[in-house]
Amino acid sequence: MTTPLEVGAGKKAFDWVKNGATYLFMLAKRVATLEERVTALENALKTMPPEACPFCGERTMRLKEQSSLLGNQGSQWTEEDWACEKCGKIYRKRISLKTT
Ligand SMILES: [Zn+2]
């Protein structure tokens, strides 16, 4: 026969184990979430990080095309078309040829 005191101790021990298991479960879940986030970062950095789009702000700008040299000798430039994979807009950058 068990006394009420023993039942209380048993319940306490059971609660202690249950809380410990709940804690471990939460910890495992948090580690899994962190692992997922690290994997996402690793995947994002596999290629060179894209430039930020001046229109929508997403980091999805990729160089689409680069023109050959334009203009007259001494003041030449090239034009680069940057396309955003998110909003689809094209941003044309003019880059002057450095003459030193
Ligand atoms: Zn954009």
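The values are calculated or read from the model by the stated rules, or taken from the named source; none is laboratory data. Bear in mind that the values here come from a model prediction, so they are computed numbers and not experimental data. Because the Cβ atoms are built from the backbone with ideal geometry, glycine has one as well, and the counts that use them run over all protein chains shown. Heads up: the accessible areas ignore ligands, DNA and RNA and are worked out on the full protein's heavy atoms, side chains in. Shrake-Rupley method; radii C 1.70, N 1.55, O 1.52, S 1.80 Å.
Remarks
- Listed by first and then second residue, the pairs linking a residue in region 44-61 that is closer than 10 Å to K86 by Cβ to a residue that is in a loop (DSSP other than H, G, I, E, B) and among the acidic types (D, E), with Cβ atoms under 6 Å apart and 6 or more places separating them unless they lie on different chains, are T60/E85.
- Going through (1) free of Cβ contacts under 8 Å to residues at least 12 places away in the same chain; (2) within 14 Å of the ligand (Cβ to nearest atom) one by one, K86 falls short only on (1).
- Residue check, A21 surrounded by 10 or more Cβ atoms within 10 Å (Cβ to Cβ) and either among the polar types (S, T, N, Q) or part of a helix (DSSP H, G or I) (or both): yes
- Those residues of region 35-73 which are part of a helix (DSSP H, G or I) and either open to solvent by 100 Å² or more (accessible area, probe 1.4 Å) or at positive phi (or both), in sequence order: E35, E36, R37, L41, E42
- Pick from region 53-81, criterion farther than 16 Å from Y91 by Cα and aliphatic (A, V, I, L, M), ranking: farthest from the ligand (Cβ to nearest atom): L69
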